[in-house]
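Right, one structure below, let's go through it.
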Amino acid sequence: MDGREPARKRLDSLKREIEEMERLQRWRPCLATIQIGQDPAAATYLRSQGKTCERIGLEARRFVFPADVSIEEVQELLLRLNADDDVDAVMVERPLPPRWELSGLIDCVDPVKDVEGVHRFNLGSLYLGDRNTPLPCTAKAILSLLGEYGFADLKGRNASVLGVSPTVGKAVAMLFLHRKASVTLLHSQSAETERLRALAQADLVVVGIGKPHVLSGEMLKQGVVVVDVGINVLSDGRLVGDVDWESLAGVARAATPVPGGIGPLTVASLMENVFHCARRRRGAPFSDGSFSS
């Protein structure tokens, strides 16, 4: 399941919408991104993000802090961005340095400008199934890619999700539940027997732990669909996911490569969220159909 072509089509469509809004209303959406530290995977994602903003006509502002910056300094910037009428969307890039907690920063972001849907207000809206809220970009990208390849109907399916981050694992699980799937969430403290049992029964597996080759084909049932969200930078500079790709041959019905799978659609989903945040700030509903069953 290659995400590059679906992402290109969605970005082309979004570019036309942005051009039309700029022509009629004399404004274009603006995204402000904050990076703390120099994580290699984050840097790769932000380079892709910057190129995409330029391509489709979004204004992008990037703020980079060293890992030892004070929390108060970053929070002060977030409050300034909230008050800036020229900024429509704000995101804090992850992973954060070890001493940081995302919630301590996101609580400072205006929920209307929370482009990734990670503010507690927006996550609560996701829990309740509110369609007028931004979805976490990776979770939204997963739904989009499943739809592109004909796997959007999850009613009655067994899904296993490895990883319980609020913006990926938990968000994906909630979206799958809204689509009537039976979901098992697995994490680092899940018993190995339980983990293997759930994987062996799953029609769909999403893995986003951040460890190379944590999942292999021998753990899975025949015909499974595998979504690999992991991005790991090896010592030789190669990007790999969390799944042992070669081991899926003859087992998986479909799977996402790394790179080129979920990544491109995650960037496209972010761009769409920026656009919808801008519209929402001007009174339009935030609805892109991702909750549809």
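Quick notes on this structure:
- Once you reduce the range 98-175 and the range 263-278 to the center of their Cα atoms, the two points are 13 Å from each other.
- Percent antiparallel among DSSP beta bridges (both partners in the range 158-293, rounded to 5): 10 percent
- Per-residue ellipticity at 222 nm computed for the chain from its helices equals -13000 deg cm²/dmol, with DSSP H segments shorter than 4 residues left out and the rest contributing -39,500 (n - 2.57).
- Close amide H contacts of Phe63 (hydrogens built in the peptide plane, cut-off under 5 Å, sequence separation of 5 or more or a different chain): Thr33, Ile34, Gln35.
- Within the listed set Cys30, Cys108, Cys137, the Gaussian network model of the chain (springs between alpha-carbon atoms below 10 Å) gives the highest mean-square fluctuation for Cys108.
- Across the alpha-carbon set of the range 65-137, the Rg to Rh ratio works out to 0.98, Rh being the Kirkwood radius.
- Amide H contacts for Ala255 (H built 1.01 Å from N in the peptide plane; partners 5 or more residues away or on another chain; cut-off under 5 Å): Val226.
- Rounded percent of accessible protein surface that carbon and sulfur make up, the range 209-284, 1.4 Å probe: 50 percent
- On the range 24-130, 53 percent of the accessible area sits on carbon and sulfur atoms, based on a 1.4 Å probe.
- The range 188-278 - Rg and Dmax from Cα coordinates, angstrom: 14.8, 47
- Ordering of 75-88, 256-269 by packing [mean C-beta count within 10 Å, highest first]: 256-269, 75-88
- Kyte-Doolittle mean at least -0.5 and Cα axial length at least 20 Å: DSSP H helices in the chain: 262-281
- Based on protein heavy atoms only, the chain ends up with 46 Å² per residue of surface accessible to a 1.4 Å probe.
- When restricted to Cα atoms, the chain yields an Rg and a Dmax of 18.7, 59 Å, respectively.
- Annotation: the antiparallel percentage among DSSP beta bridges lying fully within the chain is about 5.
The values are calculated or read from the model by the stated rules, or taken from the named source; none is laboratory data. Everything quoted here is computed from the prediction, not taken from an experiment. Every residue, glycine as well, gets a Cβ built from its backbone with ideal geometry; the counts of neighbours run over all protein chains shown. Areas reflect the complete protein model, heavy atoms only, side chains present, ligands, DNA and RNA absent. Shrake-Rupley method; radii C 1.70, N 1.55, O 1.52, S 1.80 Å.
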